[in-house]
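Heads up: the structure comes next, in structure tokens.
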Amino acid sequence: VTENRSDLEDLHLYATPREQRFRRFASLEFEGQLYMTPYDFIQAVTSDEPKCAKKWRSLSKQELNQILMETPPVWKGSSKLFRNLNEKGVISYTEYLFLLCILTKPHAGFRIAFNMFDTDGNEMVDKKEFLVLQEIFRKKNEKRERKGDEEKRAMLRLQLYGYHTSTNSVLKTEGEDVVPRSYWDTLRRSTSQALFSDLAERADDISSSLSDTTLLVHFFGKKGKAELNFEDFYRFMDNLQTEVLEIEFLSYSNGMNTISEEDFAHILLRYTNVENTSSYLENMRGTIPEEKGITFDEFRSFFQFLNNLEDFTIAMQMYNFASRSIGQDEFKRAVYVATGVKLSPHLVNTVFKIFDVDRDDQLSYKEFIGIMKDRLNRGFR
């Protein structure tokens, strides 16, 4: 049984950009709620559009149970997990937000988050504590509703979350809090035990109405009784980041060990607000006459650095470079001091040649950071 998108297409008008992207790439529906497969998720973070116009295929309870039965435990995870699961998995919208955050945040931040959600202090997170995290992601991604939108937004929330949500539930924000905070700001402000108790009660309500998903079974077992330790969680994060980067790298490498500097520039400028990418590419072609290539290790190290972009920004400000450009040695040192990542001289030179439009071998770090924030967040900044 399939349901055509056109039946609910007008809901797109009431959705945030992330919600719209999830609806566009999702291919499964179960009891009125939309889900992505692992393949859908990989497509959503590595492609501009789905490879083909999709319809939402309705899953039966039996089909869902079969998918979950075949889900491997967390200790069997690998950097090919999503590719191996392919179409045999279900990912909810809140999990989509969570996975996006894993792709764009530093590992150190997740250690803090993990410890915060370990509310009973046993250095393990159980299923209920994990659902607390999902609730925070849901709340922070909600779009402020306009008058007259209530019915459409309620339909959309039912489709995305599988249950009705109240816009003033879970996270109680002050009336004057108009500026949307980042997820990490919310996490930092959500550390009081009272709030976690509040959220835990809410998680109890939700867990009784939610269907299990591939991620929940992967983390907490088929009965949902297992607990997740940070080492397994860290390995899952590292594997997911590596898997997405491998897919992007392999799409350009054609089986070789390197991609060209120009291909690296193409990948770097994807999802950014740069309208005329050709000027950056032309500039690079003229200043890197001999192609050496970018290895996967170099490629991965650069994106590890991007995940720590906020710390790098602070380092730049501390070095008092805020009002002037910087050279390659200063850039390389600032990256290492702020993030612990060592970028190769060739990689740094390539980055400079891409962004050094006036060819003075200096980099306007403010412009660079602005473009890279867009790239890091895959256009959803």
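The values are calculated or read from the model by the stated rules, or taken from the named source; none is laboratory data. Being a predicted model, the structure only gives us computed values, none of them experimental. No Cβ is skipped: glycine too gets one built from the backbone with ideal geometry, and neighbour counts run over all protein chains shown. Surface accessibility is based on the protein's heavy atoms, side chains included, excluding ligands, DNA and RNA. Shrake-Rupley method; radii C 1.70, N 1.55, O 1.52, S 1.80 Å.
Tabulated values for the structure
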{"quantity": "Residues being over 14 Å from Val217 (Cα atoms) and of a type in the set (A, V, I, L, M) - total across region 64-84", "calculated": "0"}
{"quantity": "Filter pass, Gln241 being open to solvent by 60 Å² or more (accessible area, probe 1.4 Å) and either part of a helix (DSSP H, G or I) or not assigned by the TED database to the domain that holds Lys80 (or both)", "calculated": "no"}
{"quantity": "Selection count where residues are under 18 Å from Glu298 (Cβ atoms) and over 15 Å from the mean Cα position of the chain (by Cα), scope region 230-246", "calculated": "1"}
{"quantity": "Subset of region 209-229 (residues that are in a helix (DSSP H, G or I) and either under 17 Å from Lys61 (Cβ atoms) or open to solvent by 50 Å² or more (accessible area, probe 1.4 Å) (or both))", "calculated": "Ser209, Thr214, Leu216, Val217"}
{"quantity": "Region 275-302, subset at pLDDT below 90 and among the hydrophobic types (A, V, I, L, M, F, W, C), residue most open to solvent (accessible area, probe 1.4 Å)", "calculated": "Ile288"}
{"quantity": "Near pairs, Cβ below 9 angstrom, 6+ apart or cross-chain, from region 215-239 (hydroxyl-bearing (Ser, Thr, Tyr)) to any residue that is at pLDDT below 95 and part of a helix (DSSP H, G or I)", "calculated": "Tyr234/His107; Tyr234/Phe110; Tyr234/Arg111; Tyr234/Phe114"}
{"quantity": "Cβ-Cβ under 8 Å pairs, at least 6 apart or on other chains, region 104-130 side over 29 Å from Phe303 (Cα atoms), far side part of a helix (DSSP H, G or I) and among the polar types (S, T, N, Q)", "calculated": "Thr119/Gln193; Lys127/Ser207; Lys128/Ser207"}
{"quantity": "Ser92 being touching an Asp or Glu at 6+ places or on another chain (Cβ under 6 Å), of a type in the set (S, T, N, Q) and in the same structural domain as Arg21 (by the TED database)", "calculated": "no"}
{"quantity": "Residue satisfying all of: in region 352-375; surrounded by 19 or more Cβ atoms within 10 Å (Cβ to Cβ) and out of contact with any strand residue (DSSP E or B) (no Cβ under 8 Å at 6 or more places or on another chain); nearest to Ser279 (Cα to Cα) among these", "calculated": "Ile354"}
{"quantity": "Test for Asp149: is it in the same structural domain as Leu28 (by the TED database) and either open to solvent by less than 20 Å² (accessible area, probe 1.4 Å) or modelled with pLDDT of 80 or more (or both)", "calculated": "yes"}
{"quantity": "Tally, over region 244-290, of residues that are within 11 Å of Lys353 (Cα to Cα) and assigned to a helix (DSSP H, G or I)", "calculated": "11"}
{"quantity": "Only one of Thr94, Thr104, Thr37 that is of a type in the set (Ser, Thr, Tyr), under 17 Å from the mean Cα position of the chain (by Cα) and within 23 Å of Asn308 (Cβ to Cβ)", "calculated": "Thr104"}
